[in-house]
Amino acid sequence: MSRRAFLSAVISACIASPALGGAAPAAVRIDVEFLADGRCAVAAEGEGVHANVIYLPPPASGRRCAIPPSPKGRPVDLTVRLPHSAAPGGYDFPRLTWVEQDSGWIGTAALPAAPAFVSVPQSGTATLEWWRQAFAPPTRSTPFGWNFYGWFMFSAAFIGVYFVWARRMARRDAARRLP
């Protein structure tokens, strides 16, 4: 066998071999179900992953459910089910595609990796309430004051005021220089 034929055979074997990167890793399937009593049920299935967990999240967290860890680099097929009396309210994390089925809502997403948690705000939660939470005073969960959005909005307002002030000062100085 010639050297060129040997190299060609080795390269062909490497490309065809799934262990050496020929096939994409199988997706991990994660199902999250928010129960009517406030509990959260999570089931994860896939190569090297098997988990069934039911727990009661803290009441202040709303519909928020932790996800068990899955192997790095594995894609995830996520399915989220809401109780029959509930509807998605927007601002869900991760972003889900919702379908109403059998008088209940089911959200799905194909993700490159497993999220640490799933959060689905309740339907009817006013946007104003969401903004109020952004500027909530310090609590045990936010001991240093405003949360991220509050600091972001404060910074944006401060920068805006600074640029207005700087422009006025530049105009004033330009007016003084004119004879």
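The values are calculated or read from the model by the stated rules, or taken from the named source; none is laboratory data. Keep in mind that this is a model prediction, so the values were computed, not measured. Positions of Cβ are generated from backbone atoms using ideal geometry, with glycine treated the same way; all protein chains shown enter the neighbour counts. Surface accessibility is based on the protein's heavy atoms, side chains included, excluding ligands, DNA and RNA. Shrake-Rupley method; radii C 1.70, N 1.55, O 1.52, S 1.80 Å.
Given the structure, is ALA51 open to solvent by less than 60 Å² (accessible area, probe 1.4 Å) and modelled with pLDDT of 75 or more? Yes. Say we look at segment 10-30 and pick out the residues that are open to solvent by less than 50 Å² (accessible area, probe 1.4 Å) and not in a loop (DSSP other than H, G, I, E, B); which of these is modelled with the lowest pLDDT? In this case the residue turns out to be VAL28.
For segment 100-111, the set of residues classified as surrounded by 12 or more Cβ atoms within 10 Å (Cβ to Cβ) and closer than 19 Å to PRO75 by Cβ consists of GLY107, THR108, ALA109, LEU111, listed by residue number. Taken together, the residues in segment 76-99 that are part of a loop (DSSP other than H, G, I, E, B), open to solvent by 30 Å² or more (accessible area, probe 1.4 Å) and touching a residue at least 40 places away in the same chain (Cβ under 8 Å) amount to 2. ARG63 fulfils the conditions (1) within 15 Å of the chain's Cα centre (by Cα); (2) at pLDDT 85 or above except for a single criterion, (2).
Whether any residue in segment 141-149 is of a type in the set (Gly, Ala, Ser) and at pLDDT below 85 is what I want to check. Among the residues of segment 141-149, at least one is of a type in the set (Gly, Ala, Ser) and at pLDDT below 85, which makes the answer yes. Looking at segment 54-75, which of its residues are surrounded by 15 or more Cβ atoms within 10 Å (Cβ to Cβ) and over 14 Å from ILE30 (Cβ atoms)? Result: PRO57, GLY62, ARG63, ARG64.
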